[in-house]
1. Answer yes or no as to whether residue 253 is under 16 Å from the mean Cα position of the chain (by Cα) and surrounded by fewer than 20 Cβ atoms within 10 Å (Cβ to Cβ).
2. From the list 142, 122, exactly one residue is open to solvent by 10 Å² or more (accessible area, probe 1.4 Å), out of contact with any Lys or Arg (no Cβ under 9 Å at 6 or more places or on another chain) and of a type outside the set (A, V, I, L, M). Which is it?
3. What number goes with the only condition from (1) in contact (Cβ under 8 Å) with a residue 24 or more places away in the chain; (2) in contact with an Asp or Glu (Cβ under 8 Å, 6 or more places away or on another chain); (3) open to solvent by 70 Å² or more (accessible area, probe 1.4 Å) that residue 94 does not pass?
4. So which of 515, 525, 467 ends up being in contact with a Phe, Trp or Tyr (Cβ under 9 Å, 6 or more places away or on another chain), modelled with pLDDT under 80 and within 19 Å of residue 566 (Cα to Cα)?
5. Having 3 or more residues that are over 23 Å from residue 247 (Cβ atoms) is the bar; report the helices (runs of 4 or more DSSP H) wholly within region 336-422 that clear it.
6. If residue 340 satisfies all but one of (1) over 18 Å from residue 164 (Cα atoms); (2) modelled with pLDDT of 90 or more; (3) surrounded by 13 or more Cβ atoms within 10 Å (Cβ to Cβ), what's the number of the condition it fails?
7. Tell me which residues, restricted to region 493-528, are open to solvent by 10 Å² or more (accessible area, probe 1.4 Å), in contact with a Pro (Cβ under 8 Å, 6 or more places away or on another chain) and in a helix (DSSP H, G or I).
8. Every residue in region 214-233 that is polar (S, T, N, Q) and surrounded by fewer than 19 Cβ atoms within 10 Å (Cβ to Cβ), please.
Amino acid sequence: MVHAHSDQAMNDKKKEAAAAKKARKEARRAIRRELAAESTSSSAAHDNLGLPPTATVELAASKSNAHRPLPAPPQHDSSGADNNTTICLFYQYKEPSWTAKEHKAALNGVIRLATEHRITGRGRCAPEGLNCTLTASANDMRAFCYALRSWDPDLFDGTDFKLEDGVSSDKRFRTFTLRKVDELVGYALDGIRAPSLNRHSGTHLEAPDYHRQMQRKDTVIIDVRNAYESDIGRFAPPKDGATLLDPKMRTSQDFPKWLNAPETKEQLKNKTVMMYCTGGIRCERATALLNQITDAEPDFKTKGVVMVRGGIERYLKTFPEGGYWKGKNYLFDKRMEQAPANKSAEELEKDVVSYCCLCRQTYSRYRGQFKCGKPLPSTGLACAVPVIVCDRMECQEAATSEPHRLECPLCVRGYQTPETAPDLIGQKRKLGLIGQGGTDVVTGRKAGKLTSIVGTGSSQCPIPPNAPRRLFVGKLPLTITATKLRKSFLQCSNVRVQNIHWITDHTTHAFYGSAFCYLKSTDDAQKAVQALVDGRNLPLCQEYRRKGGGKGRRKQRRMACVAFASPSGGEDTEDVSLIQSMESPCEGEYPPMGTL
């Protein structure tokens, strides 16, 4: 009798599982029929698009795969064919962010799934989410995407996996690399500085609607990519339509400063703001940043902030002739560039406005990893923006033997990035995104207060009533240089170190990893302190091995720590100390090695 009941229960479970599987299959078929119907409705697709009747509009290509089954793989996916590779671009933000333990589990989980499904490519895994560019066979890639959805349905069921089948096998990555990082996009908006996507993210428009929006006059459109990407391709709205704005970014960290500039706000005020990037990930944070600023500043408002769903990549697949796009879409995989599929080489050549940085002939291909060698006046460091060098032998030889001659268009024009970044922490406190208890809604972490500096392994250090402009920096790598230290302060808090005094042993005069850094003002010193308290670290660390055997021998990373260093005496004493440090033999590009 017991066995009969057990068999009956098992049969019921099997029937329920079979019914659920059948329901899912029917749902996928229904969605595919819906997509097929959308792709055939060509008459509606051309409404108000301003395109010739013969132009092709692939409506199905503009649709997101989020909460839908992925497109079926090609029927003939032979492993021996030359075009047997599928490329997948996807990103997924997580809010609230993963904890340190969850972040590590996510990193290991994605690596495990990629290994199981023979995935190659590269990605970035941060507490705020995941961003990947992957290659594999068509079936393996879809199996990996579905495995991600099964692993964390609440998160990855809403992911838009952008797939391209039939890519040449020489475009496939050899290995899979997933980097553990603090931020998916280098806006310097990691940690509690990050604007909330749940509250402030912009509106997604599908490619046809985004195309129509470019026809409206009370609209501005912002390219949130780096300047070198924009040089080889960008949107060109119609004459009486939107106004294109180029932030002229050397790196993504320039965007918050450009957005905070008064002249930028004046151009955006009372306008519908459109943004675009390669695949959409940069627009997520960029639109949220703008919406947070307008929400926090009563005198600065827009009519709305929108972005194209799936980025330029989906737009060009929706409009194979290019639509309002001119040139090429810079890609971060082995394809290097994406061009409209139905646009001829002659027409594409007419769109080229970029040129070789040496001979000034029109050219639109980045090859050779050449970079601008001109020093920036603000830092004294090389610009390092990628530059175009054509394939002429004279230019290739000159670029290799004389890299100082390479100069990007921004340096040619003498363009300097605005210096003032918005007070993002203050805005979030004002808007209630950091509660009274100090907990940030984006990260779930508590925001620090300007009462102490905490570095990894360092102790609490109270700030004096009259904060000095001298900072003590400890636990530095012994291989540190003055240039690296100055650059780390710029990256961390956008402040400049005027002078550095290496602290040495009184007897041996050797450097043991500490220095005094003199900033321009006490405001700059407090700004650097606040950035570190708010969760940003100086990008300087040293690796060492713990004592002991077995697991105790693992490598550890020890971050630099910072504290205010008040001189003995008043402000005059600090000035004397500064002069002495400038004349000291310890001052130089490299710390002193000491005497035997």
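The values are calculated or read from the model by the stated rules, or taken from the named source; none is laboratory data. On a predicted model such as this, the values are computed, not experimentally measured, just so you know. Note that we place each Cβ from the backbone using ideal geometry, even for glycine, and neighbour counts take in every protein chain shown. Ligands, DNA and RNA are excluded from the accessible area calculation, which covers all protein heavy atoms including side chains. Shrake-Rupley method; radii C 1.70, N 1.55, O 1.52, S 1.80 Å.
1. Yes: the conditions hold for residue 253.
2. Matching residue, one of 142, 122: 142.
3. Evaluating residue 94 over (1) in contact (Cβ under 8 Å) with a residue 24 or more places away in the chain; (2) in contact with an Asp or Glu (Cβ under 8 Å, 6 or more places away or on another chain); (3) open to solvent by 70 Å² or more (accessible area, probe 1.4 Å) leaves (3) as the failure.
4. 467
5. Passing ranges, in order: 345-350, 393-401.
6. With respect to (1) over 18 Å from residue 164 (Cα atoms); (2) modelled with pLDDT of 90 or more; (3) surrounded by 13 or more Cβ atoms within 10 Å (Cβ to Cβ), residue 340 is out only on (1).
7. Selection gives 522 alone.
8. 215
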